[in-house]
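To start, the structure itself, in structure tokens.
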Amino acid sequence: MSADQAFEFEGVATPSEAADTLARIAEGIRARSLSLTAGDEEITIFPDGHLMVQIGAKRTKANGTIDIGVAWRHPRV
């Protein structure tokens, strides 16, 4: 396994665009290979085995948020 890598993206999207992005992420998880790219940043991850899925939602008078997390352990080599 190579050195640790990290990738973050934040942007503005319509509900349809956000749903399309989440659908592409879901396809990558299903395929067990997901490449994420923004500008010159890129990472490819390989979700496999049992995944830990965390979903949180919050609504206030001013806004709403949905936080989604997916984690897994790499097999020991």
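Each reported figure results from applying straightforward, stated rules to the coordinates on display, with no laboratory input. Keep in mind the model is a prediction, meaning the values are calculated, not measured. When we count neighbours, we look across all protein chains shown, and the Cβ atoms used for this are built from the backbone with ideal geometry, even at glycine.
In a simple Cβ point-charge model (Lys, Arg +1; Asp, Glu -1; nothing else charged), the chain has a dipole of about 520 debye relative to its Cα centre. Electrostatic tally near Ala13: other residues with Cβ closer than 14 Å to its Cβ, Lys and Arg +1, Asp and Glu -1, net -2.
Normalising by the residue count of segment 15-71, find the relative contact order in percent from Cα pairs under 8 Å and 6+ residues apart.
Computed over segment 15-71, the figure is 21 percent.
When you filter the chymotrypsin sites (Phe, Trp or Tyr not before Pro) in the chain for DSSP loop state and at most 12 other Cβ atoms inside 10 Å of their Cβ, you are left with Phe9.
Exposed loop sites, defined as trypsin sites (Lys or Arg not before Pro) outside DSSP H, G, I, E and B with at most 12 other Cβ atoms within 10 Å, are absent from the longest region of the chain, namely 1-31. For the pair Thr60 and Leu22, the difference between a 0.36 nm per residue extended length and the Cα-Cα distance amounts to 11.4 nm.
Angle of helix 15-31 to the longest C-alpha principal axis of the chain, folded into 0 to 90 degrees and rounded to 10: 20°. Among the GluC sites (Glu not before Pro) in segment 1-68, those located in a DSSP loop and surrounded by at most 10 other Cβ atoms within 10 Å of their own Cβ are Glu8, Glu10. Ordering Ile25, Gly69, Pro15 by Cα displacement along the dipole of the chain toward the positive end leaves Gly69 in first place; charges were set at the Cβ atoms of Lys, Arg (+1) and Asp, Glu (-1).
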